[in-house]
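Input: a single structure, listed below in structure tokens.
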Number of protein chains: 2
Amino acid sequence: MATIKEVAKHAGVSVATVSRVLNEIGYVHEDTRKKVEAAIRELNYTPNEVARSLYKRKSRLIGLLLPDITNPFFPELARGVEDEMHKHDFRIIIGNSDENTNKEKEYIQTFIQNNVVGVIASTNYPDTDTYRKLDIPVVFLDRTADNRPSVYSDGREGGRMAAHEIVTRGSRQITIIQGPKHIRPAQDRYQGAIDVLRDQGIAYNVVQTSSYSFTEAGNWAQELFEQFPDTDGVIASNDIVATAVLHEALRLGKKVPDDVQIIGFDDIPLSSLLTPSLTTIRQPAYDMGSTAAGLLIRLIDNQNPDQKTIQMPVTFTERDTTRKV
Amino acid sequence: MATIKEVAKHAGVSVATVSRVLNEIGYVHEDTRKKVEAAIRELNYTPNEVARSLYKRKSRLIGLLLPDITNPFFPELARGVEDEMHKHDFRIIIGNSDENTNKEKEYIQTFIQNNVVGVIASTNYPDTDTYRKLDIPVVFLDRTADNRPSVYSDGREGGRMAAHEIVTRGSRQITIIQGPKHIRPAQDRYQGAIDVLRDQGIAYNVVQTSSYSFTEAGNWAQELFEQFPDTDGVIASNDIVATAVLHEALRLGKKVPDDVQIIGFDDIPLSSLLTPSLTTIRQPAYDMGSTAAGLLIRLIDNQNPDQKTIQMPVTFTERDTTRKV
DNA sequence: TTGTAAGCGTTATCAG
DNA sequence: CTGATAACGCTTACAA
């Protein structure tokens, strides 16, 4: 790789001049600019970002911390972030936390060590020194903390919606899948659902799960129908377990939605391709990602954005695992 | 962030000494080591990777270039890579190419500018200056080029398998979904399938698609049954379109697998949760990722690995969209 | 309009 | 065993 020094020599100017044309800053004569540009082309020079970053104490990198990119909700988020960042010439260092505080800290650490200019994080522990001590902007994505920049959707409201719709459509023996205790959005949804079920005096049971993994989802679905065979409505904590529940219900010979209605959460890409297709509470994942990126960029540029916590709409997406009303 | 200089002052030694304890290199007296370690702890110092990287001309970063992380096959690959790299203290810069040469070049460029020590890429154009000119190791993942380090599975063989199995199970009016022209693995699968169909003199039709997108998959599925209503067997180019085909077949009132058999490709996590669950040609995605990472690490460490191109097994994964034999 | 040189935070060489 | 110091490739005062 050519360096700025070589370009300078090649063009017969000083490194400062090269730097000037590179950064389009200060005055430089048209002729010398031409020479420099030629040299750059000939040597196929591209500036060393590391050196730049060292001097400026900031890079063009941002850190993206996600729970697990293997869960189809997160790739959507990630693409939203990446595409928006890419437009602004920022690149992404990515890390999967597995919802584990240590991994989280570790990644945040590497982000810092690499001079990232900002981080976007889906964490259950935003109110922690790991983030509070950071002196670069952080945007929480799919999670919130009071008064900290964040982009999320209202899980509680989503839970309410789910319960409301499933009740409206006639379920009376509802089983709620609670989702992992330490995952905030899962608990919000759960609370929301309970809010309305209690309110309306509708019976419900709860199945507690401990992860979002595809492989375990099947087991919980089985457990659900073993423990609560009379279930005529399931509010799942996300589309993965909803899919597993649907699969299990069908396997047991139940008619969906006639015998059991199912509502998922997220609207991951596959949900509409299931048969019957999955009714779900949709989160606009890709948009959330790009919105978060946009917010972070504004924060980085020090334009104090008018809104620091952005709540995205959650929408009831009616498909075929619920009855028509 | 504290710097090595501050640590040195705090500990009453020179930066050189601090550097020595940091890197566990050269001699340093037990007592001074203790002092330095204390200072490090007190100041909460962690070395600036950027400065390190500048001096050494290499970072602890590797570049990962994937077509589209939104396609559920790739997150598996990515996790495999990340987990293995993480064990060896390498971190990942990620980029989605959308199978587009320009984006690809752009990302490779940023990787270089950030001093990555190696690249893992899923590209359809490995035999291109973009990669040949790189003076850091590159491992191709899910793709190959002659004699270049790569981890992939035999798409052609997979295609053969799919055709063989669907024929064995009785399909005689087969429609092959060819998959995007510019995506190598898709074409390999297609060729493999054709190999055996021609060989056995079995009739087949072809539907050509131009992407792997979830949203378009539905259209192709429709097109398929409109153009070739007699189809009694579908070999899809991957599980996404297989899912769409299954969905459409069911929508049309066809019995699967009795009227139509369907075989997909990849075995993405959702495939086993479909109803009926999807028969597919499995690629061990996660393992491919971690294997590629392992190979790259050996290349980086200059241990000439015995095998530079590693072919992973493809396996017929019998589920419920094909008949029992 | 251009060049010189200091400095970003490390590591490694070379004296001591 | 330890400390100065040059060097990594770049940006930016400051001088010229």
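The values are calculated or read from the model by the stated rules, or taken from the named source; none is laboratory data. Just so it is clear, the model here is predicted, and its values are computed rather than measured. Note that we place each Cβ from the backbone using ideal geometry, even for glycine, and neighbour counts take in every protein chain shown. Side chains included, ligands, DNA and RNA excluded: accessible areas come from the protein's heavy atoms. Shrake-Rupley method; radii C 1.70, N 1.55, O 1.52, S 1.80 Å.
Below are the figures for this structure:
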item: Pick from segment B:28-47, criterion among the acidic types (D, E) and surrounded by 12 or more Cβ atoms within 10 Å (Cβ to Cβ), ranking: farthest from DNA strand D (Cβ to nearest atom); result: B:E42
item: Number of the condition not met by A:L274 [criteria: (1) more than 19 Å from A:E165 (Cα to Cα); (2) under 20 Å from the mean Cα position of the chain (by Cα); (3) buried (at least 23 other Cβ atoms within 10 Å of the Cβ); (4) hydrophobic (A, V, I, L, M, F, W, C)]; result: (2)
item: Looking only at segment B:1-27, and only at residues there that are near DNA strand D (Cβ under 7 Å from one of its atoms) and in a helix (DSSP H, G or I), the one that is nearest to the other protein chains (Cβ to nearest Cβ); result: B:V15
item: Candidate set: segment A:128-161, residues that are among the acidic types (D, E) and under 25 Å from B:A2 (Cβ atoms); chosen: the one surrounded by the most Cβ atoms within 10 Å (Cβ to Cβ); result: A:D129
item: Any helices (runs of 4 or more DSSP H) falling wholly within segment B:171-275 and containing at least 3 residues that are farther than 27 Å from A:E248 by Cα; result: B:184-199, B:214-227
item: Single residue of segment B:142-154 satisfying the filter (touching a residue at least 24 places away in the same chain (Cβ under 8 Å) and in a loop (DSSP other than H, G, I, E, B)) that is nearest to the chain's Cα centre (by Cα); result: B:D142
item: Positions within segment B:89-121 being under 20 Å from B:I183 (Cβ atoms), more than 9 Å from chain A (Cβ to nearest Cβ) and open to solvent by less than 20 Å² (accessible area, probe 1.4 Å), in sequence order; result: B:S97, B:E104, B:I108, B:V119, B:I120, B:A121
item: Test for A:G192: is it open to solvent by less than 40 Å² (accessible area, probe 1.4 Å), touching a helix residue (DSSP H, G or I) at 6+ places or on another chain (Cβ under 8 Å) and in contact (Cβ under 8 Å) with a residue 40 or more places away in the chain; result: no
item: Top-ranked residue of segment B:48-88 - restricted to ones that are within 9 Å of another protein chain (Cβ to nearest Cβ) and surrounded by fewer than 17 Cβ atoms within 10 Å (Cβ to Cβ), ranked as nearest to B:F140 (Cα to Cα); result: B:D83
item: All positions within segment B:1-14 that are loosely packed, with under 15 Cβ neighbours inside 10 Å and either near DNA strand C (Cβ under 9 Å from one of its atoms) or aliphatic (A, V, I, L, M) (or both); result: B:M1, B:K5, B:S14
item: Flag for B:N44 being within 12 Å of DNA strand C (Cβ to nearest atom), under 30 Å from B:V119 (Cβ atoms) and within 14 Å of chain A (Cβ to nearest Cβ); result: no
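Residues are listed down the side, and each one gets a yes or a no for (1) within 30 Å of B:N124 (Cα to Cα); (2) in contact (Cβ under 8 Å) with a residue 40 or more places away in the chain; (3) of a type in the set (K, R):
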position	(1), (2), (3)
B:V13	no, no, no
B:I25	no, no, no
B:I40	no, no, no
B:K58	yes, yes, yes
B:D68	yes, yes, no
